[in-house]
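S.K.: What follows is a single structure, and I will ask about it in a moment.
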Amino acid sequence: MSPVIEVENLHKSYGNAVAVDDVSFTVAQGEIFGILGRNGAGKTTTVECLVGLRSPDRGRIRVLGRDPQRDHAELTRRVGVQLQDSQLPERLRVGEAMRLYQSFYRNPADPRTLLAQLGLAGREKTPYGKLSGGQKQRLAIALALIGRPRIAVLDELTSGLDPHARRDTWDLIAEVRASGVTIVLVTHFMPEAERLCDRIAVIDAGRVLVTGTPSELIERTEQPTLEDAFVALTGRTS
Ligand code: ATP
């Protein structure tokens, strides 16, 4: 089966600063693919290029066989995105945001069910500006999933969530994947990567250091945990 995401020799600079130096990977249908890396490694830039929000300087990206730049409108309907620090207008209510996003799609999910799954039941009338950080994060996940995407790109899925909300979100993501959705997950949280990801790319200084299953990374580095494997691979302790 051909991959649903192909990234070949991606390169992106901001002025003189090279953010992504040479990144290549593929993601198969139905996989949960993790992107791990230290702060500033180039993860967000990579996924922003993947979803067509940034144009690569060089390299080739195909998502569901399409070019994210050229076919942006088409892919927007089929790829759900939750990016770091996404913001909505302060006064927009949760229910309004859900209805607005729902209106972009032909066959959206049921907003009530999704809000309930994310622990936001009964919050429909709350303005965005009155939500806690964790509630904003959960709303961002709901908005990424409302269009029943074929691919969901989730950057820092559970950052800011309490342990209960985090576990509920992991269960939800496992369910979403079980329905055939391919997921790209950027995370710093190793138990999350270990629990959810089928394969992981470790990115450092804009390059892919290694790609493999969590247990392959652990075996390869002869470390006891994925976190130790990650630290060993990225070669520094801070
Ligand atoms: P983090 O884990 O901290 O979110 P990241 O791996 O997602 O980091 P990026 O956000 O892709 O990393 O950033 C990669 C590099 O590009 C960093 O050195 C960052 O300072 C730089 N960078 C990112 N966005 C911009 C921008 N809009 N303008 C200039 N430089 C940028």
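Read-outs: derived from the displayed coordinates by stated rules, not from any lab. Everything quoted here is computed from the prediction, not taken from an experiment. Because the Cβ atoms are built from the backbone with ideal geometry, glycine has one as well, and the counts that use them run over all protein chains shown.
S.K.: Let me check against my output: what whole-number percent is the relative contact order of the range 1-86, with C-alpha pairs under 8 Å and at least 6 apart?
M.R.: With pairs under 8 Å counted, the relative contact order is 32 percent.
S.K.: Would you kindly work out the equivalent ellipsoid of the range 58-117 from its C-alpha gyration tensor and give its semi-axes, the square roots of five times the eigenvalues, largest first in whole Å?
M.R.: Ellipsoid half-lengths, sorted descending, are 27, 15, 10 Å.
S.K.: Then there's this: Evaluate E = 1/(1 + (r/R0)^6) for residue 105 and residue 22, where r is the Cβ-Cβ distance and R0 equals 45 Å; express this FRET efficiency to the nearest 0.05.
M.R.: Rounded to the nearest 0.05, the efficiency is 0.80.
S.K.: Related question: How much space per residue, in cubic angstrom, does the convex hull of the C-alpha atoms of the range 75-176 take up?
M.R.: Here the figure is 88 Å³ per residue.
S.K.: Also, I was wondering about something else. Compute the whole-percent fraction of alpha carbon pairs in the range 183-238 spaced more than 16 Å apart.
M.R.: The calculated P(r) of the range 183-238 puts 33 percent of pairs beyond 16 Å.
S.K.: Follow-up question, since we're still on this one. Projected area of the range 1-124, taken from the Cα convex hull and averaged over every viewing direction, in nm²?
M.R.: So the mean shadow area of the Cα hull is 9.5 nm².
S.K.: Something else: Taking the Cα-to-Cβ direction at residue 207 and at residue 2 and moving 7 Å from each Cα, how far apart do the two end points lie in nm?
M.R.: 3.0 nm
S.K.: Expressed as a rounded percentage, what relative contact order does the chain have, with Cα pairs under 8 Å and six or more residues apart?
M.R.: Details: 452 pairs, mean separation 60.9, N = 238.
Relative CO of the chain lands at 26 percent.
S.K.: Lysines near residue 125 by alpha-carbon distance under 18 Å, same-chain residues fewer than 8 away left out - which ones?
M.R.: Those lysines meeting the cut-off are 136.
S.K.: What full-extension length gain, to one decimal in nm, is calculated for residue 72 and residue 221 as 0.36 nm per residue of separation minus the Cα-Cα distance?
M.R.: 49.7 nm
S.K.: Using bins 5 angstrom wide from zero, how does P(r) for the range 1-74 break down, in % of all Cα pairs?
M.R.: 3, 16, 28, 25, 18, 7, 2, 0
S.K.: What is the Rg over Rh value, at two decimals, for the range 131-218, using alpha-carbon atoms and the Kirkwood definition of Rh? Could the numbers behind the result be given before it?
M.R.: Numbers: Rg = 13.4 Å, Rh = 13.8 Å.
Rg divided by Rh gives 0.97.
S.K.: Amide H to amide H under 5 Å from residue 57: which residues, 5+ apart in sequence or cross-chain, H placed 1.01 Å off N in plane?
M.R.: Long-range HN contacts for residue 57: 11, 12, 13.
S.K.: Right, next: If all Cα-Cα distances of the chain are sorted into 5 Å bins from 0 onward, what percent lands in each bin, rounded to whole numbers?
M.R.: That works out to 1, 7, 14, 18, 19, 17, 12, 8, 3, 1, 0, in percent per bin.
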